[in-house]
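Please read the structure below before turning to the comments.
The values are calculated or read from the model by the stated rules, or taken from the named source; none is laboratory data. Note that the coordinates shown come from a computational prediction; the quantities given were computed from them, not determined experimentally. Neighbour counts are summed over all protein chains in view; Cβ atoms, including those assigned to glycine, are modelled from backbone coordinates with ideal geometry.
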Amino acid sequence: MNKIDIHGVKIHNVTMREAVQLIQDWVEEDGSVPRAVYTPNSEIIMQAQRNLEFKNILNAAELLVADGAGVILASRILKTPLKEKVSGIDLVKNLFKVFSGKNVSFYILGGQPGVAEMAAVNIIAEYKKIKIAGYDHGYFKPEEESDVVQKINSAEPDIVLVGLGAPKQEIWINSNMYRLNCKVLIGVGGSIDVFAGKVSLTPEFIRKAGFEWLHRLIREPRRIKRMMDLPRFMVLTFKKRFLKKAR
Ligand code: UDP
């Protein structure tokens, strides 16, 4: 699979349709080992600059897709354009559509107590024939981790959606995936909150215009510190482009 290097994070150059197809193929494959899917945005790519272990975990994923207009813009500035944005929430929605009525089940892990359950109720209401094998909140203690794994395994899901925020969810997936009986694990960030109706999704026209960050900042001002990574990401991108030219 063709990968595009964005500041050391190797993103797969796939369309939404191709990403969904890949996951479908993996779910249908018998006896496969679990596969990890992450959806880095520019903030996550900046976190990976400061945390080499996190960068390695991202790059070890079976599928890394570009979540956010910033990553797409950077790929164009670096003259290695990615085909399109494949955001985590849209990917999950497409998987719900594709697997509704099929013998494929999802497990929802993450969010405050009660939120995953609320998300499950809303998902079933919207995607009528979807199979939700189980759910759990994401505020468990390290000593409860085995129970969390056990609960997932007894639910026997095909796909586990893990929304613990980055980098926690990627680290959790990376260290637990091989003791989980499932086909695919996806790091979904705050998507469980969105499905639960706890936070609203940024309208499509704002996302298309590349202003999702502004919408999220107005909604959650506590994100300001984290969002300082967005200008840093663009500065790093321009520096790389300039240095490339100078060589
Ligand atoms: N979360 C969790 N356990 C934790 C920390 C966070 O389940 O220990 C959840 C939190 O409730 C929220 C999500 O992880 O649902 C993080 O959302 P955020 O928007 O901060 O993550 P991002 O999408 O930016 O990675």
Some residue of segment 115-129 being under 30 Å from LYS208 (Cβ atoms), at pLDDT below 95 and away from the ligand (no atom under 16 Å from the Cβ): yes
Some residue of segment 10-21 being surrounded by fewer than 21 Cβ atoms within 10 Å (Cβ to Cβ) and part of a strand (DSSP E or B): yes
Which numbered condition ASP30 fails, given (1) part of a loop (DSSP other than H, G, I, E, B); (2) charged (D, E, K, R); (3) more than 21 Å from TRP172 (Cα to Cα); (4) within 13 Å of the chain's Cα centre (by Cα): (4)
Every pair of residues 6+ apart whose Cβ atoms lie under 7 Å, when the first sits in segment 139-153 and is within 16 Å of GLN169 (Cβ to Cβ) while the second is among the β-branched types (Val, Ile, Thr) and part of a helix (DSSP H, G or I): PHE140/VAL148
The listed residue being free of Cβ contacts under 8 Å to residues at least 40 places away in the same chain, surrounded by fewer than 24 Cβ atoms within 10 Å (Cβ to Cβ) and under 21 Å from ILE171 (Cβ atoms), out of ASN56, ASN51: ASN56
Qualifying residue in segment 155-167 (condition: more than 20 Å from the chain's Cα centre (by Cα), in contact (Cβ under 8 Å) with a residue 12 or more places away in the chain and surrounded by fewer than 18 Cβ atoms within 10 Å (Cβ to Cβ)): yes
So ILE173, is it within 25 Å of ALA48 (Cα to Cα) and either within 15 Å of the ligand (Cβ to nearest atom) or over 18 Å from the mean Cα position of the chain (by Cα) (or both): yes
One residue from LEU82, LEU73 being away from the ligand (no atom under 16 Å from the Cβ), over 26 Å from SER175 (Cβ atoms) and either among the charged types (D, E, K, R) or over 18 Å from the mean Cα position of the chain (by Cα) (or both): LEU73
Any hit, segment 182-197, residues being more than 14 Å from the ligand (Cβ to nearest atom), touching a residue at least 24 places away in the same chain (Cβ under 8 Å) and assigned to a helix (DSSP H, G or I): no
Hits in segment 156-181 (condition: out of contact with any strand residue (DSSP E or B) (no Cβ under 8 Å at 6 or more places or on another chain) and not in a loop (DSSP other than H, G, I, E, B)): LYS168, ILE171, SER175, ASN176, TYR178, ARG179
